[in-house]
1. Hey, among L114, L88, which residue is surrounded by fewer than 20 Cβ atoms within 10 Å (Cβ to Cβ), modelled with pLDDT of 95 or more, of a type outside the set (D, E, K, R) and under 18 Å from G246 (Cβ atoms)?
2. Determine the pairs where a residue that is closer than 12 Å to I62 by Cα, located within segment 29-45, has a partner that is among the basic types (K, R) and not in a strand (DSSP E or B) with Cβ atoms under 6 Å apart, the partner being 6 or more residues away or on another chain.
3. Check K2, K51 and return the single one that is surrounded by fewer than 18 Cβ atoms within 10 Å (Cβ to Cβ) and modelled with pLDDT under 95.
4. Look at segment 6-25 and say how many of its residues are outside any helix (DSSP H, G or I) and either not small (G, A, S) or not assigned by TED's automatic domain parsing to the domain that holds G66 (or both).
5. With the structure loaded, tell me whether S68 is assigned to a helix (DSSP H, G or I), modelled with pLDDT of 95 or more and of a type in the set (S, T, Y) or whether it fails that test.
6. Check segment 55-76 and report whether any residue there is aromatic (F, W, Y), under 17 Å from the mean Cα position of the chain (by Cα) and closer than 30 Å to M168 by Cβ.
7. I need every pair where a residue in segment 168-193 that is in contact (Cβ under 8 Å) with a residue 12 or more places away in the chain has its Cβ under 8 Å from the Cβ of a residue that is in a helix (DSSP H, G or I) and charged (D, E, K, R), sequence separation at least 6 or different chains.
8. Could we say that P46 is surrounded by 15 or more Cβ atoms within 10 Å (Cβ to Cβ) and over 23 Å from A236 (Cα atoms) here?
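The values are calculated or read from the model by the stated rules, or taken from the named source; none is laboratory data. Source: prediction; values computed, not measured. We place every Cβ from the backbone using ideal geometry, glycine too, and count neighbours over all the protein chains shown.
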Amino acid sequence: MKIAILSHNKKLYSTSRLIEACEQRGHEPMVLDVLRSYMKVVPSKPEVHFKGNALSSFDAVIPRIGASVTFYGAAVLRQFEMMGAFPLNESVAIARSHDKLRALQLLARKGIGLPNTGFAHDPDDIQDLITMVGGAPLVIKLLEGTQGIGVVLAETKKAAESVIEAFMGVKAHLMVQEYIKETGGAAIRCLVVGDKVIAAMKRQAMPGEFRSNLHTVGSTSLIKITPTERATAVKATRFLGLNVSGVDILRSERGPLVIEVNSSPGLQGIELATGKDIAGMIIKFIEKNVRPHTTKTRGKG
């Protein structure tokens, strides 16, 4: 098969592993920088061009689209879908997952456990916003933040008011969530492919840090997840319409709580922690499911 990998850097661990897995299984991968790809939108024969050349058709596309380029990246992926390529994750599902608030609303509608979350526009509503999520300490997240950036723990009500007012003052979109103290700065990352959790790891924040994201220098270790956690990760992935995802879960006293569903999960941490060939499993999923012109948005919203 000819497989396009939408990534801005072929030397990134996840991208290089996907290239390696494709080649090991006899496929022909091509890495395309999504921001250097552009489109000819016509009814009869839609095209994607890259560095001055029209690309021939691909059997499948693996999108590694960052949240900062969601709009353009999803447009390019839609063009590949129009050309008949099988997307590992569909453009609409990726856009859903990148919109943190919308993703939580969709999961809440399906009954998935979540931290209590508040969202407001006007500074006059800050007091009630804080009360809605149970008061301080609480977590404040920029909707445009990624990899732990733009996430603040406000330990007092006064600190929460100051941070929220500051973010609102620069017209930033933010949401406020309850702080799940019993996690001790740990989160579970479940890697879902199809309808299965194929790997799971625990991500532990460093002392003095509450964010367990690897980009905030957290550590990883193997973990055995419960059947409920496994089912929650699979359902969250399916409800957003994704085929492959990294679902981040907190272990709370009231059960598993989903804090994020990542449509382009990094492979380095979980491959090293589990010793599993995650990239190879992803390519096997494509081999099993690839069909031309089969894009079909799943779920509602």
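1. Numbers: L88 fails: surrounded by fewer than 20 Cβ atoms within 10 Å (Cβ to Cβ).
None of the other options fit; the residue is L114.
2. Listed pairs, sorted by first residue: V31/K10.
3. Working: K2 fails: modelled with pLDDT under 95.
Residue meeting the stated conditions: K51.
4. At the first step, the residues of segment 6-25 found to be outside any helix (DSSP H, G or I) are 6-12, 25.
Filter once more, so that each one left must be either not small (G, A, S) or not assigned by TED's automatic domain parsing to the domain that holds G66 (or both): 6, 8-12, 25.
Selection size over segment 6-25: 7.
5. Values: assigned to a helix (DSSP H, G or I): yes; modelled with pLDDT of 95 or more: no; of a type in the set (S, T, Y): yes.
For S68, the condition - assigned to a helix (DSSP H, G or I), modelled with pLDDT of 95 or more and of a type in the set (S, T, Y) - is not met.
6. Going through segment 55-76, the residues aromatic (F, W, Y) turn out to be 58, 71-72.
If we keep only those that are under 17 Å from the mean Cα position of the chain (by Cα) too, we end up with 71-72.
Those still in the list that are closer than 30 Å to M168 by Cβ too: 71-72.
Taking every residue of segment 55-76 in turn, at least one turns out to be aromatic (F, W, Y), under 17 Å from the mean Cα position of the chain (by Cα) and closer than 30 Å to M168 by Cβ.
7. Correct list of pairs: M175/K100; I188/E229; C190/E229; C190/R230.
8. Numbers: surrounded by 15 or more Cβ atoms within 10 Å (Cβ to Cβ): yes; over 23 Å from A236 (Cα atoms): yes.
Taking the combined requirement at face value, the residue satisfies it.
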